[in-house]
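This report concerns only the one structure given below.
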2 protein chains.
Amino acid sequence: MKIAINPQKTQWREILKRPQVNQQQLSEIVSQIFDEVGRDGDKAVKKYTHFFDRVDVEDLLVAQAEIDRAVNQIDGELKEAILKAKENIEIFHKAQMPEVKRIETSPGVYCWQEMRGIEKVGLYVPGGSAPLFSTVLMLAIPARIAGCEEIVLCTPPNKDGTVNPAILFAAAICGVDKVIKTGGIQAVAAFTYGTESIPQVYKVVGPGNQYVTAAKLYAQLKGMAIDMPAGPSELMVVADESSIADFVAADLLSQAEHGTDSQVICLLTKEKLLNPIKTAVLSQLEDLPRKSIAQEALENARFLVVEDFHQRIEIINEYAAEHLILAVKDPEVYVPKIKNAGSVFIGNNSPESVGDYASGTNHTLPTNGFAKAYSGVNLNTFCKQITFQELSTEGLENIAPIVEKMAEAEGLYAHKKAVSIRVSQKVTVI
Amino acid sequence: MKIAINPQKTQWREILKRPQVNQQQLSEIVSQIFDEVGRDGDKAVKKYTHFFDRVDVEDLLVAQAEIDRAVNQIDGELKEAILKAKENIEIFHKAQMPEVKRIETSPGVYCWQEMRGIEKVGLYVPGGSAPLFSTVLMLAIPARIAGCEEIVLCTPPNKDGTVNPAILFAAAICGVDKVIKTGGIQAVAAFTYGTESIPQVYKVVGPGNQYVTAAKLYAQLKGMAIDMPAGPSELMVVADESSIADFVAADLLSQAEHGTDSQVICLLTKEKLLNPIKTAVLSQLEDLPRKSIAQEALENARFLVVEDFHQRIEIINEYAAEHLILAVKDPEVYVPKIKNAGSVFIGNNSPESVGDYASGTNHTLPTNGFAKAYSGVNLNTFCKQITFQELSTEGLENIAPIVEKMAEAEGLYAHKKAVSIRVSQKVTVI
């Protein structure tokens, strides 16, 4: 744990620095795998699934029988929990559906936007130490609400060549069309070019490790759209005297257990809050099954005491945390000033883990400072807005002089004429 | 002009093919310029402005005196036209401001999104044969409405080292903070790294040629957000017996005059519509100041006759045009079936040029088929959505069992504990 009490502004950058991943190193292997998958399709995908995940997969596509088995295998309580979480996530994401507003910008000039789901999307659900079936909900639910027509999910298989039953159950109830047993660079390459088993898609969405991120960035060069680049997960907790040390400690640990590279920042209003929280962290750490991961992540944790409110706000916005907990007595003073964050948790009853699973908000969020420019995954991630305009004769007459004048000044006379010829009415009907 | 009458579906891909730009060829020069701008700042920007644009620029930042001169220089009628266009664009983009909807997803669980403008944005306004001051309006107006705090505009200078007065006038009335005299790869590199004169920004927005597009794609690898990749401008006109040959011809030509690489597609419901439109195109072409450009673009134009309605819809969605004109008697039958398009112009009174300048919709739109995954520039381009959640004690108690069950199934016990410890209420107040 690194501690800083009222650090000088000049030190902030160093204090808030995230570990850098060298993407350059990965670019060669990424382009090689993309080339091979583009050329050899499934064969190359299987080759790299063997190489990276040490599994030989016969059929990349998960068969209906495996899905049926999975659905029967999950215990009833877990099913019910997943279904309840699904309900909340659906309520929140459905509420994001924009209404069509037909705007009359000038008399007779009607303009509006209509939302359309992206027809083909690829969802990426990471493998690794935890089977993240919650991520399936977070990606597939908004995709389905958006009206995406083909929803394909890639996830690395287990060592025995199966996919975790909870992932398959979540995929089944959320209307995923295909689940594919592959992850990593080869999955993103397959989404980009399409293979015998894996359809080409227009956008890849979902979290992933540095390989997946490097692959998503590379895929953009080949015309793929992505949700956002991803980095290790991170949490900033802001706590004052109204916060409860055991709660803050539990939140910090829930972030720390994600991975050894998890970022944990605790921003305190008073120095006297430091010790109780540290003590609580060390005490709760003892009982954790993932203690060694959490412990390693905590070595890089930062505890900052910043007494000045405006400086705290500046630090919050400079760091741009993926998750931000406001365990303070006056969150309403903070909220309007927060410019950069992925998802914000307000008050002592709102731990990050409610947003990770079941409050209804999305947990696929911008890390690594990307909250300065990116939203987390939401309905909009899976949509496009198409603009429409329809002018009445009067509407066209009203804005014709403006268009003519501007087109002329830009030297685009055919643009001008497209208006003039209509207004002058000297037309030949076909 | 290439003509196809009721082509087989197997031929569509070939017919709708766009010319491919080899981005690979550009990647070396792009990475070199990025490295140099990152290292040498303004000096490198000036070097490449000299190299590509053949201009020596002393001060990259446009001085206030040059802006004042420009404002005085523009004729009154043009000023008035620009101000009226600004008003319509403002009305349309202000209407896109989402309202904050506080959703109770479960009893006592409140979730909502709040929009925040991206703090620092870079606008790119292309140079070239036409001074595109209209693009300044299309980028700066939504940026300002979104609440972006620092809006910086880069545009290539004229041969005499000045910037077109109309561009400066538009920038001034739209609240652009800085106008910088540089374009191309070096401008995007400067936005990415920051230089002495050019602030680093979080997102670069705006159209550009293949160099600018290659630079924007490369900038993404360095952590920059962009609006979308860009390609040559394009138009598809769908016309039936209710359309007017001279109007259709004028629209096709207004697209063709943009550049020799402009894409023009005319999709007709009946073969008998072909000749009148072709005749009108050839006749109107004669009077155009940019005749040679339009003529070259027209050589690649496609005239398709597709009698089947469903096939027409499929072709529209497969091509995913930047601009789509529906000069048909029953546009309301088409509109709900259109899945992929940038901006749609409905009926005989809605030429593309109204959207290019003054109807209120944005003219920075996805080309090259990117309408399958991307929206055009809108308010959202300059915003992020931050999610918030606030739970009451009852709210937390309601969803605690769901979170606990799911966290346990994912093997994340610290996530579970962050909820359990709160519900069990055995807490130490600091």
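The values are calculated or read from the model by the stated rules, or taken from the named source; none is laboratory data. No experiment lies behind these values; they were computed from the predicted model shown. Here the Cβ is made from the backbone with ideal geometry for all residues, glycine too, and neighbour counts use every protein chain on show. With ligands, DNA and RNA removed, areas are computed over all heavy atoms of the protein, side chains included. Shrake-Rupley method; radii C 1.70, N 1.55, O 1.52, S 1.80 Å.
Table for the structure above
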quantity: For A:Ile198: the one exception among (1) buried (at least 24 other Cβ atoms within 10 Å of the Cβ); (2) in a loop (DSSP other than H, G, I, E, B); (3) within 11 Å of chain B (Cβ to nearest Cβ); calculated: (3)
quantity: The stretch B:298-336: number of residues that are closer than 23 Å to B:Lys2 by Cβ and not in a helix (DSSP H, G or I); calculated: 18
quantity: Boolean, B:Lys339 is open to solvent by 10 Å² or more (accessible area, probe 1.4 Å), closer than 15 Å to A:Phe388 by Cβ and part of a loop (DSSP other than H, G, I, E, B); calculated: yes
quantity: Any chance B:Ala230 is closer than 20 Å to B:Leu324 by Cα, at the interface with chain A (Cβ under 10 Å from one of its Cβ atoms) and either among the β-branched types (Val, Ile, Thr) or crowded, with 22+ Cβ neighbours inside 10 Å (or both); calculated: no
quantity: Matching residues, the stretch A:1-46, being within 25 Å of the chain's Cα centre (by Cα), under 22 Å from A:Gly259 (Cβ atoms) and outside any loop (DSSP other than H, G, I, E, B); calculated: A:Gln23, A:Gln25, A:Leu26, A:Ile29, A:Val30
quantity: Pairs with Cβ under 7 Å, 6+ apart, first in the stretch B:88-114 and more than 17 Å from A:Gln96 (Cβ to Cβ), second among the hydroxyl-bearing types (Ser, Thr, Tyr); calculated: B:Asn88/A:Thr105; B:Asn88/A:Ser106; B:Asn88/B:Ser359; B:Ile91/A:Thr105; B:Phe92/A:Thr105; B:Phe92/B:Thr361; B:Gly108/B:Ser392
quantity: Conditions (1) within 30 Å of B:Val419 (Cα to Cα); (2) surrounded by fewer than 24 Cβ atoms within 10 Å (Cβ to Cβ); (3) within 7 Å of chain A (Cβ to nearest Cβ); (4) more than 23 Å from the chain's Cα centre (by Cα); number of the one not met by B:Gly347; calculated: (1)
quantity: Subset of the stretch B:354-394 (residues that are farther than 30 Å from B:Gln20 by Cβ and part of a helix (DSSP H, G or I)); calculated: B:Val354, B:Tyr357, B:Leu379, B:Phe382, B:Thr393, B:Glu394
quantity: Residues of the stretch A:202-212 satisfying the condition of being more than 8 Å from every other protein chain (Cβ to nearest Cβ) and open to solvent by 10 Å² or more (accessible area, probe 1.4 Å); calculated: A:Pro207, A:Gly208, A:Asn209, A:Gln210, A:Tyr211
quantity: Residues that are more than 7 Å from chain A (Cβ to nearest Cβ) and either of a type outside the set (Ser, Thr, Tyr) or without any contact (Cβ under 8 Å) to a residue 12 or more places away in the chain (or both), drawn from the stretch B:378-393; calculated: B:Leu379, B:Phe382, B:Cys383
quantity: Conditions (1) open to solvent by less than 10 Å² (accessible area, probe 1.4 Å); (2) under 30 Å from B:Gln200 (Cα atoms); (3) not aromatic (Phe, Trp, Tyr); number of the one not met by B:Leu267; calculated: (2)
quantity: Yes/no for A:Ala187 being assigned to a helix (DSSP H, G or I), farther than 25 Å from B:Ser375 by Cα and open to solvent by 10 Å² or more (accessible area, probe 1.4 Å); calculated: no
quantity: Test: residue in the stretch B:300-312 that is closer than 28 Å to B:Ser134 by Cα, of a type outside the set (Lys, Arg) and surrounded by fewer than 24 Cβ atoms within 10 Å (Cβ to Cβ); calculated: yes
quantity: Subset of the stretch B:350-374 that is free of Cβ contacts under 8 Å to residues at least 40 places away in the same chain and under 14 Å from the mean Cα position of the chain (by Cα) - its residue that is nearest to the other protein chains (Cβ to nearest Cβ); calculated: B:Ala373
quantity: Residue in the stretch A:258-280 that is farthest from the chain's Cα centre (by Cα), counting only those that are free of Cβ contacts under 8 Å to residues at least 40 places away in the same chain and assigned to a helix (DSSP H, G or I); calculated: A:Lys272
quantity: Filter pass, B:Lys417 being basic (Lys, Arg), more than 7 Å from every other protein chain (Cβ to nearest Cβ) and open to solvent by 10 Å² or more (accessible area, probe 1.4 Å); calculated: no
quantity: Condition check for A:Ile293: aliphatic (A, V, I, L, M), closer than 22 Å to A:Gly376 by Cα, part of a helix (DSSP H, G or I) and out of contact with any strand residue (DSSP E or B) (no Cβ under 8 Å at 6 or more places or on another chain); calculated: no
quantity: Inter-residue pairs, beta-carbon under 6 Å, first without any contact (Cβ under 8 Å) to a residue 60 or more places away in the chain and in the stretch B:394-416, second open to solvent by 20 Å² or more (accessible area, probe 1.4 Å) and of a type in the set (Asp, Glu), 6+ apart; calculated: B:Lys405/A:Glu77; B:Lys416/B:Glu404; B:Lys416/B:Glu408
quantity: The stretch A:72-81: number of residues that are open to solvent by less than 50 Å² (accessible area, probe 1.4 Å) and within 7 Å of chain B (Cβ to nearest Cβ); calculated: 2
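Condition check ((1) in a helix (DSSP H, G or I); (2) within 11 Å of chain A (Cβ to nearest Cβ); (3) open to solvent by 10 Å² or more (accessible area, probe 1.4 Å); (4) under 23 Å from B:Lys46 (Cα atoms)) across all residues:
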site: B:Ile89; (1), (2), (3), (4): yes, yes, no, no
site: B:Phe92; (1), (2), (3), (4): yes, yes, no, no
site: B:Pro98; (1), (2), (3), (4): no, yes, yes, no
site: B:Arg116; (1), (2), (3), (4): no, yes, yes, no
site: B:Val121; (1), (2), (3), (4): no, yes, no, yes
site: B:Gly128; (1), (2), (3), (4): no, yes, yes, yes
site: B:Thr135; (1), (2), (3), (4): yes, yes, no, no
site: B:Pro142; (1), (2), (3), (4): yes, no, no, no
site: B:Asp160; (1), (2), (3), (4): no, no, yes, yes
